[in-house]
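First the structure, in the form of structure tokens, and then the observations on it.
The values are calculated or read from the model by the stated rules, or taken from the named source; none is laboratory data. Being a predicted model, the structure only gives us computed values, none of them experimental. Please note: Cβ atoms are built from the backbone with ideal geometry, for glycine as well, and neighbour counts cover all protein chains shown. Calculation scope for accessible area: heavy atoms of the full protein, side chains included, ligands and nucleic acids excluded. Shrake-Rupley method; radii C 1.70, N 1.55, O 1.52, S 1.80 Å.
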There are 2 protein chains.
Amino acid sequence: MKKKYALISVFNKEKIEKICQTLLNHNINIIATGSTATYIKKSGYKCYSINYFTKFKEILDGRVKTLHPNIHASILFKRKNKKHIKEFKKLNFPEIDFVIVNPYPFQEMQNKSSDSNKIIEMIDIGGLALLRSAAKNFHYVSTICNINDYKEFIDILNKNNGKTNLNFRKKMAAKVFEITSNYDSMIGNWITNNKNNNFKIFSHKKVSLRYGENPHQSAFLCKDLTREPIFYDNIIKTGKGLSYNNILDIDSAYECINEFKEPTCVIIKHNNPCGVASNKNIINAFINALKTDSDSAFGGIIALNRNVDHNIAKKITSNFFEIIIAPKFNNKAKVILNKKKNLILIETKKILKNKKLDIKSINGGYLLQQKNTINFVKKDMRLMSNVKISNTIIKDLIFSFKVCKHVKSNAIVLVKNKKTIGIGAGQMSRIDATKIALSKLSKKEKKNGFVSASDAFFPFIDNIKILLKNNCVAIIQPKGSINDDKIIEFANKNNIALFFSKYRFFKH
Amino acid sequence: MKKKYALISVFNKEKIEKICQTLLNHNINIIATGSTATYIKKSGYKCYSINYFTKFKEILDGRVKTLHPNIHASILFKRKNKKHIKEFKKLNFPEIDFVIVNPYPFQEMQNKSSDSNKIIEMIDIGGLALLRSAAKNFHYVSTICNINDYKEFIDILNKNNGKTNLNFRKKMAAKVFEITSNYDSMIGNWITNNKNNNFKIFSHKKVSLRYGENPHQSAFLCKDLTREPIFYDNIIKTGKGLSYNNILDIDSAYECINEFKEPTCVIIKHNNPCGVASNKNIINAFINALKTDSDSAFGGIIALNRNVDHNIAKKITSNFFEIIIAPKFNNKAKVILNKKKNLILIETKKILKNKKLDIKSINGGYLLQQKNTINFVKKDMRLMSNVKISNTIIKDLIFSFKVCKHVKSNAIVLVKNKKTIGIGAGQMSRIDATKIALSKLSKKEKKNGFVSASDAFFPFIDNIKILLKNNCVAIIQPKGSINDDKIIEFANKNNIALFFSKYRFFKH
């Protein structure tokens, strides 16, 4: 029987012992490069150093060690091509069927050092050449480039008596090219000094969606495989399955609910919050969020930051919603919710907030921006008028401005006791946004007073006038208008508490 | 003096003669691989074949030819490191300071062949290894990976007596890693069968913007360098310079204006059209677009599809706008517009519509969709009620639905004689969008009748009721509601022309 060989060259030596043990169990011989060979031998496994076969000692401080025609011929020759077999035999070199390589940690070095010579040394040439050769020849050669794949590799060897199959080899080959692609994009960005705008979707799994925003547009969801599970991994009841618009709304719901620690409910419709409320009791949070605009809430998406029990489940199912997102649904709640055929349930427990960049496609390119991650707190607002106000009002102002961050511009959010009572979204003029928000108020709500948040400054005095007329007691807005002084004067004269926020919260 | 060498290995041999001539002019010797050497010799230039130095003949049908330690040592050794110099001298190999390589055309083969064996042969291993080695050692080695860079390379050699400089070498090295990154992403996508959703921004020039949607968010514009000039290349008056929000609005204005062939004006505010009008006369188009909602238009962005003369310029400057986009501004117009210090002017003549994919970032990944490129025409609408209607009404319905495509959902657009008279945008409920649009109508406009477009179906009869009450004569909407029949019945009973559109036009 022909002798089989695996070539191992790993920067990160973690868990390599298990690989060695498995390979040797299946009579696969190990060849390793410099420090990997030393480590494997020390760990008690038999292995050849690569230069035993190449007769070429590594030079230039390791810059050249595996860039050798015999090694690459061994990896690259077609196992069923007579000419290839003949040419390879002449080299008198072991046949390498398995390549286990992880490259120099370029990114890590770049993160921890500013010494460009050190960083350059971490540009792996030989390692990537080995990976690419092996991945090219995936019909015959298995390539492992990631420690996370060791288990699957070991399992498949154990199940198949020391062999892998084409599916596995192909999957691993695709991973290689994803990794090398990302690796080189990082290097390119480093050379051109583009540090913080590394954007890539190569390490993503592309999943076809039924369609995009509209049925005539095809669409994909690109899942980031390098991260923890995300909402689309935690669907516990699928209904008709997530649509493009569902995913967009879930993401908005998720962003908004994450602003709040108290029991809170967020209802999203057409990518805008149409009701948000915090309350000691999560069921009241839901009831209050729904009350803001129960007509608009029809068919919307609900996010809750507390577990769903049968009481909330009953309340929710007396209305029509498409999706419920919560940390957990208890069994009694599931019984109730499962009766709604098309309802989608998502458990968010494991969800990480990991989006750092916003990207938008435009003609001729893309717009990238840092995400708006401001956690708005009391010290970010400054009282501009001479009015005494209660702690409750302060809390309501913070709540309203937090909600405002998630409403499309121009946005006006009216709040009473940590519940939205009117939301004016997506308007070309601020006064229209104000009017829309006010149109949601009941007579009682107007009578009892409320606070108001504006995502950007009021350009004129008209907004504050109409708010006052409806009995608004406090306002938060960023500064910046040439009419700021007039607005402050008006607030003082009319005993309205006016706060300037440190931040503007445009969202389009 | 030390002999200098360039290594050439090009799949595409175009224009390589000029490179050879220049290298030889500067006493740089040429080494080339297999077919490149043959080609160069045939073209009458002196060159060495690589195996003259390596003593290694290419094998495996060319799969292994330059993966040789001496070649890579020659490229990779540090020119100022004594140990490296000593080790390299021992190899007795020429010193390669220039590497000119273009890789196998993987993408092209993938496009033209479905034979996976042929495609696999086009996965370049050796070429990319040469490029990556040379680019890693950019302190000393020049790497040319793209025919488009030959001219700059030749110029710099001629200017500097056969040498390049660090800036040039660094720039070319960055290009190498961009190209290898893209190359490997294509391979990865091919292996995993992801053909049509290749998305990358590596071939983009990243330009810092002042900030993103808000001052606390950093932002970049990524210009696609592979395409024709785009709006940001045609700014003829810069004002304060384009902001992130400006660019987003310009893109929307541009998308919307491209719907229309007649003289048309679009005004954008907060990423929504707040007035659109077509007219035989472009100045009337502007006047009519402005009339829709002149309050909201304040500080907006105007796009026109006809040249701007001094008459329109005068009209426009009597209001406050941030940006004007037009195919051309004549000299008299420029004199008038240049007086407005902060106004930005963009000539759009050369602009290509080239965005094919929409991308949105979400937590844990991205959403990609085909752009909504439907050119809505008469055959895409079907009359559902038994009402006779004029050609003018039909034209207005098409106009209104085209505008609707560019208004954020829920969207309602009211039109009379190819001018918008009310736009309801970005609402969580359709009835609110309808009310907002209606609120923009003058008494006269209500009296004279108008048509209405809805980007998605009316869920209930309430919208059509309120439209009729305000004297709406025709409606266009997609079908799809469980109440469709009731809505048709209501339209028939009340003599309102109801059309169903073939397409839905959600936009979020």
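Residues being among the hydroxyl-bearing types (Ser, Thr, Tyr) and closer than 30 Å to A:Lys360 by Cβ: count how many of those fall in segment B:459-508.
Taking segment B:459-508 as the starting set, the residues that turn out to be among the hydroxyl-bearing types (Ser, Thr, Tyr) are B:481, B:501, B:503.
Okay, now just the ones that are also closer than 30 Å to A:Lys360 by Cβ, so B:501, B:503.
Matching residues across segment B:459-508 total 2.
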Among (1) away from chain A (no Cβ under 11 Å); (2) open to solvent by less than 20 Å² (accessible area, probe 1.4 Å); (3) among the small types (Gly, Ala, Ser); (4) over 18 Å from A:Ser429 (Cβ atoms), where does B:Ala289 come up short? (4)
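Residues checked against (1) in a helix (DSSP H, G or I); (2) open to solvent by 10 Å² or more (accessible area, probe 1.4 Å); (3) more than 10 Å from chain A (Cβ to nearest Cβ):
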{"residue": "B:Ala135", "(1), (2), (3)": "yes, no, no"}
{"residue": "B:Tyr140", "(1), (2), (3)": "no, yes, yes"}
{"residue": "B:Lys151", "(1), (2), (3)": "yes, yes, yes"}
{"residue": "B:Ile154", "(1), (2), (3)": "yes, yes, yes"}
{"residue": "B:Lys163", "(1), (2), (3)": "no, yes, yes"}
{"residue": "B:Asn167", "(1), (2), (3)": "yes, yes, yes"}
{"residue": "B:Ala173", "(1), (2), (3)": "yes, no, no"}
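Of the residues B:Asp124, B:Asp115, which is more than 30 Å from A:Glu121 (Cβ to Cβ) and either surrounded by 14 or more Cβ atoms within 10 Å (Cβ to Cβ) or more than 12 Å from every other protein chain (Cβ to nearest Cβ) (or both)? Give the derivation first.
Numbers: B:Asp124 fails: more than 30 Å from A:Glu121 (Cβ to Cβ).
Sole residue among the options that is more than 30 Å from A:Glu121 (Cβ to Cβ) and either surrounded by 14 or more Cβ atoms within 10 Å (Cβ to Cβ) or more than 12 Å from every other protein chain (Cβ to nearest Cβ) (or both): B:Asp115.
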Checked against (1) touching a helix residue (DSSP H, G or I) at 6+ places or on another chain (Cβ under 8 Å); (2) at negative phi, A:Gly62 satisfies every condition except (2)
Scan B:Val387, B:Val407, B:Val403 and give me the residue that is assigned to a loop (DSSP other than H, G, I, E, B), within 30 Å of A:Asn246 (Cβ to Cβ) and either more than 13 Å from chain A (Cβ to nearest Cβ) or of a type in the set (A, V, I, L, M) (or both). B:Val407
Would a scan of segment B:73-86 turn up a residue that is in contact (Cβ under 8 Å) with a residue 24 or more places away in the chain and under 14 Å from B:Ile125 (Cα atoms)? no
Residue selected from segment A:445-465 under the condition touching a Ser or Thr at 6+ places or on another chain (Cβ under 6 Å) and open to solvent by 20 Å² or more (accessible area, probe 1.4 Å), by the criterion farthest from the other protein chains (Cβ to nearest Cβ): A:Phe457
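Name the single residue, out of those in segment A:414-444 being in a strand (DSSP E or B) and within 13 Å of another protein chain (Cβ to nearest Cβ), that is surrounded by the fewest Cβ atoms within 10 Å (Cβ to Cβ). Reasoning before the result, please.
Narrowing segment A:414-444 to residues in a strand (DSSP E or B): A:414-416, A:419-424.
After this cut, where a residue has to be within 13 Å of another protein chain (Cβ to nearest Cβ) as well, the list is A:420, A:422-424.
On the way: A:Thr420: 30, A:Gly422: 25, A:Ile423: 28, A:Gly424: 29.
That would be A:Gly422.
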Can we say A:Ile144 is closer than 26 Å to A:Thr54 by Cβ, crowded, with 16+ Cβ neighbours inside 10 Å and free of Cβ contacts under 8 Å to residues at least 40 places away in the same chain? no
Could you tell me which residue of segment B:358-376 is surrounded by the fewest Cβ atoms within 10 Å (Cβ to Cβ), considering only residues that are part of a strand (DSSP E or B) and of a type in the set (A, V, I, L, M, F, W, C)? B:Ile359
Which of the residues belonging to segment A:371-384 are in contact (Cβ under 8 Å) with a residue 60 or more places away in the chain, at the interface with chain B (Cβ under 9 Å from one of its Cβ atoms) and either touching a Leu at 6+ places or on another chain (Cβ under 9 Å) or not hydrophobic (A, V, I, L, M, F, W, C) (or both)? A:Asn372
Of the criteria (1) more than 7 Å from chain B (Cβ to nearest Cβ); (2) open to solvent by 20 Å² or more (accessible area, probe 1.4 Å); (3) outside any loop (DSSP other than H, G, I, E, B); (4) modelled with pLDDT under 95, which one A:Ile250 fails: (2)
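Can you confirm whether A:Leu131 is in a helix (DSSP H, G or I) and open to solvent by less than 10 Å² (accessible area, probe 1.4 Å)? Can you show your working first?
On the way: in a helix (DSSP H, G or I): yes; open to solvent by less than 10 Å² (accessible area, probe 1.4 Å): yes.
Here the answer is yes, as A:Leu131 does meet what is asked.
Quick test for you: out of A:Ser294, A:Ser278, pick the one residue that is touching a residue at least 60 places away in the same chain (Cβ under 8 Å) and either over 23 Å from A:Lys237 (Cα atoms) or among the aromatic types (Phe, Trp, Tyr) (or both). Please lay out each step first, then the result.
Details: A:Ser294 fails: touching a residue at least 60 places away in the same chain (Cβ under 8 Å).
It is A:Ser278.
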Quickly run through segment B:413-431 and pick out the residues that are touching a Leu at 6+ places or on another chain (Cβ under 8 Å) and of a type in the set (Gly, Ala, Ser). B:Gly422, B:Gly424
Being touching a Ser or Thr at 6+ places or on another chain (Cβ under 8 Å) and under 16 Å from B:Pro263 (Cα atoms) is the filter here, so list the residues in segment B:378-399 that pass it. B:Phe399
Candidate set from segment B:476-508 (those that are in a helix (DSSP H, G or I) and open to solvent by 50 Å² or more (accessible area, probe 1.4 Å)); member that is nearest to the other protein chains (Cβ to nearest Cβ): B:Lys486
Give segment A:399-415 a look and list any residue that's of a type outside the set (Phe, Trp, Tyr) and either without any contact (Cβ under 8 Å) to a residue 40 or more places away in the chain or touching a Phe, Trp or Tyr at 6+ places or on another chain (Cβ under 6 Å) (or both), or say none. A:Lys402, A:Cys404, A:Lys405, A:Ser409, A:Leu414, A:Val415
Near pairs, Cβ below 6 angstrom, 6+ apart or cross-chain, from segment A:210-221 (in a loop (DSSP other than H, G, I, E, B)) to any residue that is open to solvent by 10 Å² or more (accessible area, probe 1.4 Å) and basic (Lys, Arg): A:Asn214/B:Arg504
Out of all the residues in segment A:295-308, is one or more touching a strand residue (DSSP E or B) at 6+ places or on another chain (Cβ under 7 Å), within 14 Å of chain B (Cβ to nearest Cβ), among the β-branched types (Val, Ile, Thr) and in a strand (DSSP E or B)? yes
The listed residue being surrounded by fewer than 20 Cβ atoms within 10 Å (Cβ to Cβ) and among the hydrophobic types (A, V, I, L, M, F, W, C), out of A:Ile282, A:Ile325, A:Ile316, A:Ile236: A:Ile236
Residue hits (segment B:300-312; out of contact with any Asp or Glu (no Cβ under 6 Å at 6 or more places or on another chain) and either under 24 Å from A:Asp432 (Cα atoms) or buried (at least 23 other Cβ atoms within 10 Å of the Cβ) (or both)) are B:Gly300, B:Ile302, B:Ala303, B:Leu304, B:Val308, B:Ile312
When A:Asn338 is evaluated against the numbered criteria (1) more than 10 Å from chain B (Cβ to nearest Cβ); (2) free of Cβ contacts under 8 Å to residues at least 60 places away in the same chain; (3) over 24 Å from the mean Cα position of the chain (by Cα); (4) open to solvent by 70 Å² or more (accessible area, probe 1.4 Å), which criterion, by number, is the only one it fails? (2)
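Which members of segment B:13-42 meet the condition of being open to solvent by 60 Å² or more (accessible area, probe 1.4 Å) and either part of a helix (DSSP H, G or I) or touching a strand residue (DSSP E or B) at 6+ places or on another chain (Cβ under 8 Å) (or both)?
Taking segment B:13-42 first, the residues open to solvent by 60 Å² or more (accessible area, probe 1.4 Å) are B:14-15, B:18, B:21, B:25, B:27, B:35, B:38-39, B:41-42.
B:Lys18, B:Gln21, B:Asn25, B:Asn27, B:Ser35, B:Thr38, B:Tyr39, B:Lys41, B:Lys42, listed by residue number.
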